[in-house]
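Input: a single structure, listed below in structure tokens.
The values are calculated or read from the model by the stated rules, or taken from the named source; none is laboratory data. The structure displayed is predicted, hence computed values, not measured ones. Here the Cβ positions follow ideal geometry from the backbone for every residue, glycine too, while neighbour counts run over all protein chains shown. When the accessible area is computed, the model is the full protein with side chains, heavy atoms only, and any ligands, DNA or RNA have been set aside. Shrake-Rupley method; radii C 1.70, N 1.55, O 1.52, S 1.80 Å.
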Amino acid sequence: QDWPTFRADALRTGAISTTVPDDAAVIWSVQAGRKVSPPVAADGKVFAALVDEHQVVCLDARDGRRLWQFTAGARIDSPPTWHAGTVLFGSADGCVYCLRADDGALAWRFRAAPQDRWIGAMEQLESAWPVHGSVLVQDGTAYFAAGRSSQLDGGIRLVGLNAATGGLRCERPLAGPDYIAPRSRTGWRKLPFAHGMCPRLW
């Protein structure tokens with residue numbers, strides 16, 4: 001069955017109901033790139049991000065033959081999302097892209113970064129407001145976040161777009177809280193979470 005997005009569906013359940021053969025065997029194997037994201041599959045095609053090459057690649061699910069590839073403006077760190085014949089993904093260039101799944105042609109691009117400002121990260125350039133993680137599509141709306149921290153560069157921007165057209169449907173900035181950083185004995189200022197005040201998440 002299709003596995004169209006990261007962890008299978010919008011709830012990220014990581015499971016589907018399908019039939020598998022008793023004796024699994026490798027049908028094909030392809031070295032698609034140096035660092036490859038987990039793949040997604042839909043409509044007879046397999047899609048993956050080639051992280052450091054800034055590319056999304058489409059392979060034929062039957063034989064692994066490369067059908068097309070698309071190069072974005074910076075790293076793509078997570079699997080793309082297949083939706084209604086299109087492929088959506090975010091990039092560290094601060095943009096979200098939508099491609100036609102059949103041929104990889106650009107359908108639309110939305111710049112989530114509020115400014116065209118670049119910084120150095122891991123020996124490459126990227127936006128001060130990168131779009132990390134897989135785009136989540138629910139009821140025709142594509143959701144994602146742009147930014148690194150609510151404490152930096154004006155915060156994180158949460159955005160919802162029309163998945164078909166790229167039109168803006170909703171957005172909300174997440175900024176703060178504004179901490180008064182205590183001064184340590186050495187004179188360095190540290191945010192409260194640096195002193196173990198961040199809640200445990202496991």
Report every pair of residues separated by at least 6 positions or lying on different chains whose Cβ atoms are under 9 Å apart, first residue within segment 111-127 and of a type in the set (Lys, Arg), second in a loop (DSSP other than H, G, I, E, B). 111/93; 111/94; 117/94; 117/128; 117/129; 117/153
Report, by residue number, each residue of segment 134-168 that is at pLDDT below 95 and small (Gly, Ala, Ser). 147, 149, 150, 154, 155
Among what's in segment 52-63 and is within 22 Å of residue 130 (Cα to Cα) and more than 13 Å from the chain's Cα centre (by Cα), pick the residue that is surrounded by the most Cβ atoms within 10 Å (Cβ to Cβ). 57
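Evaluate segment 183-193: report whether one residue or more is part of a loop (DSSP other than H, G, I, E, B), aliphatic (A, V, I, L, M) and at pLDDT 80 or above.
no
Is it true that residue 48 is at pLDDT 95 or above and either within 19 Å of the chain's Cα centre (by Cα) or under 30 Å from residue 155 (Cβ atoms) (or both)?
yes
Within segment 134-148, count every residue that is within 24 Å of residue 51 (Cα to Cα) and touching a strand residue (DSSP E or B) at 6+ places or on another chain (Cβ under 7 Å).
Adding up the residues that qualify gives 10.
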Would you mind finding the one in 24, 49, 15, 32 that is among the small types (Gly, Ala, Ser), surrounded by 17 or more Cβ atoms within 10 Å (Cβ to Cβ) and assigned to a loop (DSSP other than H, G, I, E, B)? 32
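Take residues that are open to solvent by 30 Å² or more (accessible area, probe 1.4 Å) and of a type in the set (Lys, Arg) and tell me which of the strands (runs of 3 or more DSSP E) falling wholly in segment 64-179 contain 1 or more.
66-71, 95-100, 106-111, 156-162, 168-174
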